[in-house]
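Chemist: I have a structure I would like to understand better, so I am pasting it below and will then ask my questions one at a time.
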Amino acid sequence: MAGGGATRRDLGRRLPGVRKAAGSTQARLGAAVGYSRSTVSNAEIGHPDVARVFWARCDQVLKTGKALAREVAPAPGGVPAAARPAAPGPLGVAWRGAGQAPDLQRAESG
């Protein structure tokens, strides 16, 4: 759940209006913040796994101050998900985060 009583779904419902008011598409916003169009789409439907840094970058690009990122609660323990060690996924490949390549060396040495 996001801060201020808003849920990720509530936050996601705000993003299309802000994005469109700025004259942007999902693809253009994604490119501007370093994420894919599908990440923007996931954020707009309220997917809980969209990183806080995504929202902070949206704030910068869309010039909303910190209105979006402020609504996203920190991860449990106060450590953002992007700062936690990568967990191995299927086949032992460790994903580092949005926009980054998997750690294939770890998968090969495992």
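Chemist: Would you check if Ala27 is under 19 Å from Arg70 (Cα atoms), at pLDDT 95 or above and not β-branched (Val, Ile, Thr)? It would help to see each step written out before you state the result.
Modeler: Numbers: under 19 Å from Arg70 (Cα atoms): no; at pLDDT 95 or above: yes; not β-branched (Val, Ile, Thr): yes.
No.
Chemist: Residue pairs, Cβ under 6 Å, 6 or more apart or interchain, first in the range 9-20 and modelled with pLDDT of 95 or more, second assigned to a helix (DSSP H, G or I) and of a type in the set (Asp, Glu). List them.
Modeler: Leu15/Glu44; Pro16/Glu44
Chemist: For the range 17-38, enumerate the residues that are within 11 Å of the chain's Cα centre (by Cα) and either not aromatic (Phe, Trp, Tyr) or not assigned by TED's automatic domain parsing to the domain that holds Thr7 (or both). Outline the logic, then answer.
Modeler: First pass over the range 17-38, keeping only residues within 11 Å of the chain's Cα centre (by Cα): 30, 33-36, 38.
Hits for the range 17-38 are Gly30, Val33, Gly34, Ser36, Ser38.
Chemist: For the range 39-55, which residues satisfy the criterion of being at pLDDT 95 or above, over 8 Å from the mean Cα position of the chain (by Cα) and of a type in the set (Gly, Ala, Ser)?
Modeler: Ser41
The values are calculated or read from the model by the stated rules, or taken from the named source; none is laboratory data. Only a predicted model underlies this, so the values are computations on that prediction, with no experimental measurement involved. We place every Cβ from the backbone using ideal geometry, glycine too, and count neighbours over all the protein chains shown.
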